[in-house]
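Peer 1: One structure, pasted below without further comment.
The values are calculated or read from the model by the stated rules, or taken from the named source; none is laboratory data. Computed from a prediction, not measured in an experiment: that's the story for all the values here. No Cβ is skipped: glycine too gets one built from the backbone with ideal geometry, and neighbour counts run over all protein chains shown. Heavy atoms of the whole protein, side chains included, go into the accessibility calculation; ligands, DNA and RNA do not. Shrake-Rupley method; radii C 1.70, N 1.55, O 1.52, S 1.80 Å.
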Amino acid sequence: MRYEVVVVGGGPTGLLLANELALAGVSAVVLEKLVERPGQSRALNLQPRSARILDLRGMLQPVRKRAIDELPAGHFAGIELDYTPWGECQLGIPQARVEEYLEDRLAERGVPVRRGRTVTAVEPGPDGVLVRTGAPAGPSTGAATSGGADAGPAGSGGPAGSGVRRPSAGDDEQFRCRYLVACDGGRSTVRGLLGLPFPGRDARVSAVVADVTLNGPQDAAGSPWRLPRFDRPDGTVAELLPLPDGVHRAVVAGPEQQALPREAPVTLDELRRALPSVATIRWASRFTDASRQLERYRHGRVLFAGDAAHIHSPTGGQGLNLGLQDAFNLGWKLAAALRGNATVLDTYQAERHPVAARVLASTRAQGVLLVPDPDVVALRELVTELIALPAANRQLAGFVSGLELRYELPGRHPLLGRALPGLDPALLHAGRAVVLETGRTPRYGGIAVPGAGWDADAVLVRPDGRVGWVDDGYEPLAAGLARWT
Ligand SMILES: Cc1cc2nc3c(=O)[nH]c(=O)nc-3n(C[C@H](O)[C@H](O)[C@H](O)COP(=O)(O)OP(=O)(O)OC[C@H]3O[C@@H](n4cnc5c(N)ncnc54)[C@H](O)[C@@H]3O)c2cc1C
């Protein structure tokens, strides 16, 4: 079977990428090893930047309907960040609901998500890539254990059969494509098949995540979604966060978790030692703070996005969000490359690698603030005081929410690389770049937005909402169009 792009992995990154490719008219297929959607959620939030990119495609309102709650706040190592200076909220929404929505959209667009297809071989050539699927060599990995912040193979529970690999006659298939994008999670098969190093550091902290029901009065059940608070003086974590349907998210990281091997099953007794009210486990997994990033996201015709390109501790709630934003940066660029733009794909590495590198550094810093040591407690108190200062809060909230992000683009105009302020999201629903002109009589045949208040007569807005060219005499519009379309 031939496609222009094969996307390996039907997690949030791969599913959004495939939506973007479909919007741009690219023929694509998603190959996903799990036979069924796991229905379990590691991530529970969409940061404001992710909400904005969904808005640019008309997907925010339906996703918002699936959210549990909205909070004008985030956190840094459990220290609350106030998002109100940015005028934005993050959505509390289980990862599974985001994935379900994105996969349903693909079905509407007629993009195949081939489940039960485990990619086992990748052969890149000068003009394309040959991809083979087959039965996995070892036992199946359960849904509770796949990818994500290096989540370990210690899952337990989960709906019967979820994630169970059922080999079928169609397993051994070949796919040919012009480009392959590996969105296959923290333990990326594609990365392994290409023999790529994944530099960084090993785990220092191990933790358990579980969705549980509780015994006795369930004070917090049904109460609004809230942020975790890692403020135990001994540095251990034993959190219960309310989720819908009487379920709670348990997160535990104490001395016992550090001593247990990654493969050890998560038991009720282990959870109850930290959280005595736990009654039953719906699913559970171990995860760590391992921190790694590919040096290059592009290897010829193979590209990497999401956890396949970078893993880090989930503290701060940015991993899924980074993956969505990788996909949103890459989809339209792949479409332009397929139409003959020879340079646009290089900007994917230039723009997205530094963003993840900064998140990795920030999560390592957050990890330090959670170390159980009296001196660290003193440092944490100091950082808490600093974050209470409006300027510090704004800076950190802008970073964690993704709202302050600006890509380094050629030229000096301050709008370049920024999300255009006040942009009507509907202008980008078609996923195509637009030229906007502030004058009443457009000079470039763009869309007139008189009185828009930007310090420029005309701007080129890329499909991802970033300003890619400004009419400031630096270069003609034709150069901007050649670069981005
Ligand atoms: C405990 C925990 C809590 C977290 N909380 C948050 C949070 O609050 N906020 C946040 O933003 N992030 C959070 N994260 C991180 C987030 O879950 C991940 O960053 C996100 O799932 C990455 O998405 P992805 O699509 O890149 O990879 P994945 O979600 O891992 O998806 C990869 C997909 O590829 C498939 N696959 C793998 N190998 C193959 C193969 N060979 N062939 C075919 N398919 C394959 C897998 O089955 C999977 O479906 C958390 C992570 C953990 C562990």
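Peer 1: Looking only at residues in segment 203-218 that are within 14 Å of the ligand (Cβ to nearest atom) and open to solvent by less than 50 Å² (accessible area, probe 1.4 Å), which one is farthest from the chain's Cα centre (by Cα)?
Peer 2: Here the answer is Val212.
Peer 1: Taking Ala73, is it within 15 Å of the ligand (Cβ to nearest atom) and within 23 Å of Pro390 (Cβ to Cβ)?
Peer 2: yes
Peer 1: State which residue is most open to solvent (accessible area, probe 1.4 Å) when the search covers only segment 297-312 and only residues that are within 9 Å of the ligand (Cβ to nearest atom) and farther than 15 Å from Ala350 by Cβ.
Peer 2: Across segment 297-312, the extreme among qualifying residues is Asp307.
Peer 1: Keeping to segment 239-269, report how many residues are touching a residue at least 24 places away in the same chain (Cβ under 8 Å) and either touching a Cys at 6+ places or on another chain (Cβ under 9 Å) or closer than 22 Å to Val371 by Cβ (or both).
Peer 2: Count: 8.
Peer 1: If you go through segment 313-371 one residue at a time, how many are aliphatic (A, V, I, L, M), open to solvent by less than 10 Å² (accessible area, probe 1.4 Å), within 15 Å of the ligand (Cβ to nearest atom) and over 23 Å from Val205 (Cα atoms)?
Peer 2: Total meeting the criteria: 3.
Peer 1: Also: Go through segment 260-296 and give me each residue that's part of a strand (DSSP E or B), away from the ligand (no atom under 12 Å from the Cβ) and out of contact with any Asp or Glu (no Cβ under 9 Å at 6 or more places or on another chain).
Peer 2: Matches in segment 260-296: Val278, Ala279, Thr280, Gln293.
Peer 1: Could you identify the single residue in Arg301, Arg296, Arg282 that is in contact with a strand residue (DSSP E or B) (Cβ under 7 Å, 6 or more places away or on another chain), in contact (Cβ under 8 Å) with a residue 12 or more places away in the chain, under 28 Å from Gln47 (Cβ atoms) and of a type in the set (D, E, K, R)?
Peer 2: None of the other options fit; the residue is Arg282.
Peer 1: Could you say which residue among Tyr407, Tyr474 is out of contact with any helix residue (DSSP H, G or I) (no Cβ under 7 Å at 6 or more places or on another chain) and either open to solvent by 70 Å² or more (accessible area, probe 1.4 Å) or under 29 Å from Asn19 (Cα atoms) (or both)?
Peer 2: So the residue among Tyr407, Tyr474 that is out of contact with any helix residue (DSSP H, G or I) (no Cβ under 7 Å at 6 or more places or on another chain) and either open to solvent by 70 Å² or more (accessible area, probe 1.4 Å) or under 29 Å from Asn19 (Cα atoms) (or both) is Tyr474.
Peer 1: Scan segment 376-397 for residues that are closer than 17 Å to Leu227 by Cα and crowded, with 19+ Cβ neighbours inside 10 Å and report the count.
Peer 2: Of the residues in that region, 4 qualify.
Results for (1) under 29 Å from Arg191 (Cβ atoms); (2) of a type outside the set (S, T, N, Q); (3) within 19 Å of the chain's Cα centre (by Cα), shown as yes or no for each residue.
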| site | (1), (2), (3) |
| --- | --- |
| Ile79 | no, yes, no |
| Thr84 | no, no, no |
| Ala96 | yes, yes, yes |
| Leu102 | yes, yes, yes |
| Pro112 | yes, yes, no |
| Ala121 | yes, yes, no |
| Pro126 | yes, yes, no |
| Val129 | yes, yes, no |
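Peer 1: Mind listing whichever residues of segment 17-33 are within 11 Å of the ligand (Cβ to nearest atom) and open to solvent by 10 Å² or more (accessible area, probe 1.4 Å)?
Peer 2: Listed by number, the residues that qualify are Glu32, Lys33.
Peer 1: May I pose another question? Can you tell me which condition Gly340 does not meet? The list is (1) over 30 Å from Val302 (Cβ atoms); (2) assigned to a loop (DSSP other than H, G, I, E, B), and all the others hold.
Peer 2: Only one criterion is unmet by Gly340, namely (1).
Peer 1: Would you mind stating whether Arg443 is basic (Lys, Arg) and farther than 18 Å from Pro48 by Cα?
Peer 2: The answer is yes for Arg443.
Peer 1: If you don't mind, there's one more thing I want to ask. Filter segment 169-202 down to residues that are of a type in the set (D, E, K, R) and assigned to a loop (DSSP other than H, G, I, E, B) and give me whichever is nearest to the ligand (Cβ to nearest atom).
Peer 2: Among those residues, the one meeting the criterion is Asp184.
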